[in-house]
Amino acid sequence: MKKVFILSMFSVFALVTFSEKPPKLPKPKKGQWIETAKPKSIYGEWEWIETDCCGIRHGISTPLSTGDNIALELKSDNTFMEIHTKVNALPRSGILSLSKSDVSDMIQFNDERPARYFLSDNNDTLTISWKYLELQTEKYTRTKK
């Protein structure tokens, strides 16, 4: 009985340990450098491209259609600043909160409703979406310095 128990425990251990192997990475050619994936970061300066809005005002707004350019700065100390070029528009700033939900990454400005955010594969386009609340989606492009 003791031998059977030990044998079964060893079998379970071996099955769990060796059942899933890590993926094989390609072997580099001699003298070749393999670039590792860079972590994506939303921190930095962004320029507004468009907003796809909802309800009565459904449609696409752009800097050209609104006469307003928006610069959004997301800082690593979890603060943000939004500056408009439209006359009499006040800058907006405050606290930035990042979190993860079961579905996606989330961002929240001050105490507003949280939004889902997505970064493009090349890390240069930021999409902030409140579509799950049937609200707008905003797109920004990273400012190059």
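Here, each number is a calculation from the coordinates, and none is a lab measurement. The model shown is predicted, which means the values in this text are computed figures rather than measured ones. Note that we place each Cβ from the backbone using ideal geometry, even for glycine, and neighbour counts take in every protein chain shown.
I need the peptides 132-144, 110-122, 88-100 ranked by packing, meaning the mean over residues of other C-beta atoms within 10 angstrom, with the highest value on top.
Values: 132-144: 15.0, 110-122: 13.2, 88-100: 11.7.
Packing order, densest peptide first, comes out as 132-144, 110-122, 88-100.
Suppose R0 equals 30 Å. What FRET efficiency, 1/(1 + (r/R0)^6) with r the Cβ-Cβ distance, do residue 110 and residue 65 give to the nearest 0.05?
On the way: r = 27 Å, r/R0 = 0.89.
The calculated FRET efficiency here is 0.65.
Relative contact order of segment 44-142, please, whole-number percent, based on alpha carbon pairs below 8 angstrom and at least 6 residues apart. Please report the intermediate quantities before stating the final value.
Numbers: 199 pairs, mean separation 26.0, N = 99.
With pairs under 8 Å counted, the relative contact order is 26 percent.
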